[in-house]
2 protein chains.
Amino acid sequence: MRRTNPITLLLAAILAFGFVIFVLSPSTSSASPVSAGSASSSQQRREDDAAENPLSPPTKPFFKSQPVRQDGQQAPPPVVQYDLNKLSSTSQSAANSERILILTPLARFVPEYWDNVVKLTYPHELISIGFIIPKNKEGNAALAALEDAIAKTQSGPIDQRFASISILRQDFEPPLQSQDEKERHKMENQKARRESMSRARNSLLFTTLGPATDWVLWLDGDIVETPPTLIQDLTAHDYPVLVPNCYQRYYNSEKKKMDVRPYDYNSWIDSSTAQSMAAEMGPDEILLEGYAEMPTYRTLMAYLADTTNPNPKRAIELDGVGGTALMVKAEVHRDGAMFPAFPFYHLVETEGFAKMAKRLGYTVHGLPDYFVYHQNE
Amino acid sequence: MRRTNPITLLLAAILAFGFVIFVLSPSTSSASPVSAGSASSSQQRREDDAAENPLSPPTKPFFKSQPVRQDGQQAPPPVVQYDLNKLSSTSQSAANSERILILTPLARFVPEYWDNVVKLTYPHELISIGFIIPKNKEGNAALAALEDAIAKTQSGPIDQRFASISILRQDFEPPLQSQDEKERHKMENQKARRESMSRARNSLLFTTLGPATDWVLWLDGDIVETPPTLIQDLTAHDYPVLVPNCYQRYYNSEKKKMDVRPYDYNSWIDSSTAQSMAAEMGPDEILLEGYAEMPTYRTLMAYLADTTNPNPKRAIELDGVGGTALMVKAEVHRDGAMFPAFPFYHLVETEGFAKMAKRLGYTVHGLPDYFVYHQNE
């Protein structure tokens, strides 16, 4: 449909020609010896696993030993069996070597985002990362900066290297060229923006989720600070869908010091007001949260935080979630939960995803006192 | 959620232990030389592509050459870039080397299904196949028989071998143990059966769709006869979603000869009656087609066939589709179209998929005079 236009095809071809294939040649692992203990067990796992694959797939499902043929080459497996029963997504994720897929839609490259991901203490050899980047000028700049950052990490200390990283370029135009924050948040722009974001998230998810993925961590490219134990902390709750509270650091000019304030208002408990509004809506209208023009009287997790005496383990049940940071068991996605790019119960994107997960029989939870921080532009 | 029960985990572990890892060691390609012309270009592509990968991923996206390191080994790519703009799903699929992913939910193994797939004339090196098999006794038998059939094909003539084959075992119980046709078609069993089938289709789709997949052909395991040019014929129309007419051969005792009759009633044009019925329904009720208890007065493609003077290229626009054979552009799935396991506009599974594709802005078509044949049990 969208690709049959020959001009579009030609433009895409010209654009594609401009991309440089980026393939790193990391030093051999023997050149960077690590010491004994857990580090060497990590290296052992890499050798048993990653090092065995000259070409690592997006989520590294191919870790079975292959027989050696008569000519000394390893044989290709024409048939690969995956027993989805053997997958586990549990509260003991790291101990069980559960595989995490971090998915990030990236419009601009924020160095603090990458620094924070590199500092995550979950074993990096169990982490695959997928990015999707729009095909516009800002996307090209983001790609170049991301490649530089990845190159440093993946050729650095072995224990910091990630299992695999995939970068997708979007095959459709984002509706808004501007990434200016005010422009982006205008209510009339939100529906088109969030439907486009849904398509990007789905392309990324459908393309990178593999048979060995246990958990998917959605992490926006402008999340600049999380606890380094983010993955362990979120998986420890063993919930199908779990969202931390997304705040922002800023300079409070009244108090004359740095302070925090809520940022993401998409995690909420539904209200009868919002449900009545939805009942009156046409099939293509959507409810949006955080806009004065549309008071929903939902209970927002953003306002349930106890910033003075936080209990980071306190969990509450939710009806809608934001996607700035969001931990999902892979089975929830495999059952079909995705990000609707059309009004689904008058909800789109991550809020529609929460509704869909609930329709599939899963619960949705949030952590009001567990904070991740959004960049302050 | 479903996996946290320790007894379930234990049972799954015991069951899993019983499975034998099935890895084939095909003869080297040099041992089976093929003649010149298109066959050698096919072999060239296999060597450039499949042979380069000791471990072929479900949909073989990893066909870039890797640099050779100082130690003589090929370097692993820590970063892989995929430009979704470079994908094409066009009417010239074979000429453009477009990659097809055949997806089959398999409850029982029907030898004629596999024979028919092997006879497809689309270049086999561009075809990957994914199966999902229930974890019950019948599933175990189906798996064993499928493995035997695959082993013969993948160690046979090179041009018949498929690019890669993945087999998934379902991680949930099918609601009905019986695959007896009458039991399966009872109306009260249909909702549970089709919601379970939706989960199976989604698991298969989310897990096997790769960044290089151009088209997805859904093909049920009891489709025993199609034209050998099925893939070329369906892609030639260049529609986002296209369904042929699923018929069945039987012995007509009145005419005393073999005859054909409609089999799949899920491809239809909507009616105002059906829409009124849906408007009266509760949120968890679904419309089903082909049951006398629930007359929908939809226009069924099954009855639009001209069996005496068929025009196999005649296409009509549809609102619902069946999944016995169904060609979908990969971008439709990547945008988020899946098989709802919950009532979606009072539709589930393939009919819900058609509605979702339309909500995403795609058209849905059918070919009333292009026939595929379902097994006659």
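The values are calculated or read from the model by the stated rules, or taken from the named source; none is laboratory data. Just so you know, these numbers come straight off a predicted model, no measurement behind them. When we count neighbours, we look across all protein chains shown, and the Cβ atoms used for this are built from the backbone with ideal geometry, even at glycine. Note: areas computed on protein heavy atoms with side chains; ligands, DNA, RNA excluded. Shrake-Rupley method; radii C 1.70, N 1.55, O 1.52, S 1.80 Å.
Listed by chain and number, the lysines whose alpha-carbon sits under 18 Å from that of B:K255, ignoring those within fewer than 8 places in the same chain, form an empty set. Neighbours of B:I223, meaning other residues whose beta-carbon lies under 14 angstrom from its beta-carbon, give a summed charge of -4 when Lys and Arg score +1 and Asp and Glu score -1. Cross-link pairs exceeding 18 Å in C-alpha to C-alpha distance, out of A:K191/A:K358; B:K329/B:K355; A:K329/A:K358; B:K137/B:K182, comprise A:K191/A:K358; B:K137/B:K182.
Computed from backbone phi, the HN-Hα couplings of the range A:268-278 come to 8, 9, 5, 10, 5, 4, 4, 5, 5, 4, 4 Hz, rounded to whole numbers (Karplus: 6.51 cos²θ - 1.76 cosθ + 1.60, θ = phi - 60°; Gly and Pro given as x). Return the carbon/sulfur percentage of the accessible area of the range B:196-244, one whole number, probe 1.4 Å, all protein chains in place. Its accessible area is 52 percent carbon and sulfur atoms.
The overall shape of the range B:232-377, judged from the alpha-carbon gyration tensor, is oblate: a/c is not under 1.5, and a/b is no greater than b/c. Interface area, chains B and A: about 8200 Å² of buried accessible surface, summed, with a 1.4 Å probe and ligands, DNA and RNA left out. Inter-chain Cβ neighbour count for A:85-96, averaged per residue, equals 3 (cutoff 10 Å, partner chain atoms only). Counting protein heavy atoms only, the range A:92-140 has 51 percent of its accessible area on carbon and sulfur, 1.4 angstrom probe. Counting Cβ atoms of other protein chains within 10 Å of each Cβ in B:160-173 and taking the mean gives 4.
Note on B:332-344: average number of Cβ atoms from other chains within 10 Å of each residue's Cβ is 6. A label point on B:M258, set 7 Å along the Cα-to-Cβ line, lies at 7.9 nm from each of its counterparts in the other copies, closest listed first.
For B:S198, the shell of other residues with beta-carbons less than 12 Å away shows a net charge of +3, using +1 for Lys and Arg and -1 for Asp and Glu. Comparing the full protein assembly with the isolated chain (1.4 Å probe, heavy atoms, ligands and nucleic acids excluded), the residues of the range B:184-214 losing at least 30 square angstrom of accessible area are B:R199, B:S203, B:F206, B:T207, B:L209, B:P211. Straight Cα distances below 17 angstrom link A:K313 to the aspartates and glutamates A:D233, A:D238, A:D369, with same-chain residues fewer than 8 positions distant left out. Under the shape rule built on the C-alpha gyration tensor, where the axes satisfy a ≥ b ≥ c, the range B:216-306 is oblate, since a/c reaches at least 1.5 while a/b does not exceed b/c.
In terms of packing, defined here as the mean over residues of other Cβ atoms within 10 angstrom, the peptides B:274-280, A:225-231 line up highest first as A:225-231, B:274-280. Seen from B:I132, the other residues with C-beta closer than 9 Å to its C-beta sum to a net charge of +2, counting Lys and Arg as +1 and Asp and Glu as -1.
Note that the range B:113-165 presents 32 Å² accessible area per residue, ligands and nucleic acids not counted, probe 1.4 Å.
Plainly put, the tip 7 Å out from Cα toward Cβ on A:Y291 is 4.0 nm from that tip on each other copy, the closest given first.
Listed peptides B:150-161, B:259-270 appear in the order B:259-270, B:150-161 once ranked by packing, highest mean of other Cβ atoms within 10 Å at the front. Shape analysis of the range B:113-270 places it in the rounded category; the axes a ≥ b ≥ c from the Cα gyration tensor give an a/c below 1.5. Label-to-label distances for B:A94 across copies, nearest first, come out at 5.4 nm, using points 7 Å from Cα in the beta-carbon direction.
Only aspartates and glutamates eight or more places from B:K257 in sequence, or on another chain, were considered; those with a Cα closer than 20 Å are B:E225, B:D306, B:E377.
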